[in-house]
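Structure first, commentary second.
A short reminder: the numbers here are calculations on the coordinates, not readings from a lab. If you're wondering where the values come from, they're calculated on a predicted model, not measured in any experiment. Quick reminder, even Gly has a Cβ in these numbers, built from the backbone with ideal geometry, and neighbours come from all protein chains shown.
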Amino acid sequence: MKQAQIISYGLEGPLAGRLQQMAQEHGLWLRELQHVSACRNLLRREGPAVLLLMLGRDVIAELSLAEEVGRASPETAVVVVGDADNPALAALAWDLGARCVLQPPQPVELLPEIVLRLLPGEQQ
């Protein structure tokens, strides 16, 4: 089986650092990207994957990517992260195929644990 990959779009700062540390500890491949097109290219690679989408830069493009990945690659777990409590946006992300939507009041610090649970064969 190929190495599990985590594709992170738009996550920055301390949270990105925590994810990098978790990936290193578990032997996972983490790619931090800033362009939706780069995410599409990496997701063409076979093997288990988690796509982390931080909403905010271009919500339409980001949610379109979530929907596209859910349709074309159902084995890829999509996690949508928002920095504001927006129930309508969360509902839309769920409808578009997200496996997890993380936004306030849920603590964003849960993200590394959520990623591990979504990768097949990974243990905390």
Convex hull (Cα only) mean projected area of the chain, reported in nm² to one decimal: 6.8 nm²
Per 0.36 nm of contour for each residue apart, how much would the distance between Gln3 and Ala38 grow if the chain were fully extended, relative to their Cα-Cα spacing? 10.7 nm
At the level of C-alpha centres, the distance separating region 15-32 and region 72-124, in angstrom, is 16 Å
Quick check on the chain: helices-only [θ] at 222 nm, where DSSP H runs of length 4 and up contribute -39,500 (n - 2.57) each and the sum goes over total residues. Nearest 500, please. -13000 deg cm²/dmol
Within region 24-124, list the GluC sites (Glu not before Pro) lying in a DSSP loop whose Cβ has at most 12 other Cβ atoms in a 10 Å radius. Glu46, Glu75
For the chain, with a Gaussian network of springs between Cα atoms less than 10 Å apart, report the residue from Gly27, Gly13, Gly97 with the top mean-square fluctuation. Gly13
Full-extension gain in nm, Gln106 to Arg31, via 0.36 nm per residue minus C-alpha separation: 24.6 nm
Which Cα, out of Ala4, Val36, Gln103, lies furthest along the positive dipole direction of the chain (beta carbon charges, K/R +1, D/E -1)? Ala4
Charged-residue dipole, Cβ positions (Lys, Arg, Asp, Glu), the chain about Cα centre, Debye nearest 20: 380 debye
Considering only DSSP states other than H, G, I, E and B, which trypsin sites (Lys or Arg not before Pro) in region 25-72 qualify as loop sites with at most 15 other Cβ atoms within 10 Å? Arg44, Arg45, Arg57
